[in-house]
1. Within the range 50-71, track down each residue that is of a type in the set (S, T, N, Q) and either surrounded by fewer than 20 Cβ atoms within 10 Å (Cβ to Cβ) or part of a helix (DSSP H, G or I) (or both).
2. Of the residues K43, K64, K38, K32, only one is at pLDDT 90 or above and touching an Asp or Glu at 6+ places or on another chain (Cβ under 6 Å); which?
3. Output the number of residues of the range 54-74 satisfying the condition of being free of Cβ contacts under 8 Å to residues at least 24 places away in the same chain and farther than 15 Å from K43 by Cβ.
4. Taking the range 20-49 on its own, how many of its residues are within 21 Å of E75 (Cβ to Cβ) and in a helix (DSSP H, G or I)?
5. So, in the range 18-59, exactly how many residues are of a type in the set (S, T, Y) and over 17 Å from V8 (Cβ atoms)?
Amino acid sequence: MAQDVVFVLDKSGASYATGIDAKAQQFLTDIKQQADEKGLNIKVGIVNFYYAGKVHQELTDVVKNYDDIQNKLKESVLGFGTNMHAGLWQRRKCWMKMPRLLLRTNI
């Protein structure tokens, strides 16, 4: 079964101190490991938000592009403000291209 996961990450200065990047990277590693072990077709995308939302990584295969996705998670895009609505709106753009399974998590 194919599944899509979109990380919607708060990249405002306030969230940077919470260690969200390390938690997201660990979750990505877990997803890749499950995809490898079970032969799952999982695509991952990244949306960052602060005062605005931005698709930082379009949906891409987690096994084939793991290093690229991990590097995108590590990139600092710190901004001011925390506009969650803008981030969730950009997430919608990822899903519009390949709508599948909604996975919500609070890392």
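The values are calculated or read from the model by the stated rules, or taken from the named source; none is laboratory data. It should be emphasised that the depicted structure is a prediction, and the values quoted were computed from it without experimental measurement. Using ideal geometry, Cβ is built from the backbone for each residue, glycine included, and neighbour counts are taken over all protein chains shown.
1. T60, N65, Q70, N71
2. Residue meeting the stated conditions: K43.
3. Final tally of qualifying residues: 2.
4. 13
5. The number of residues fulfilling the criteria is 1.
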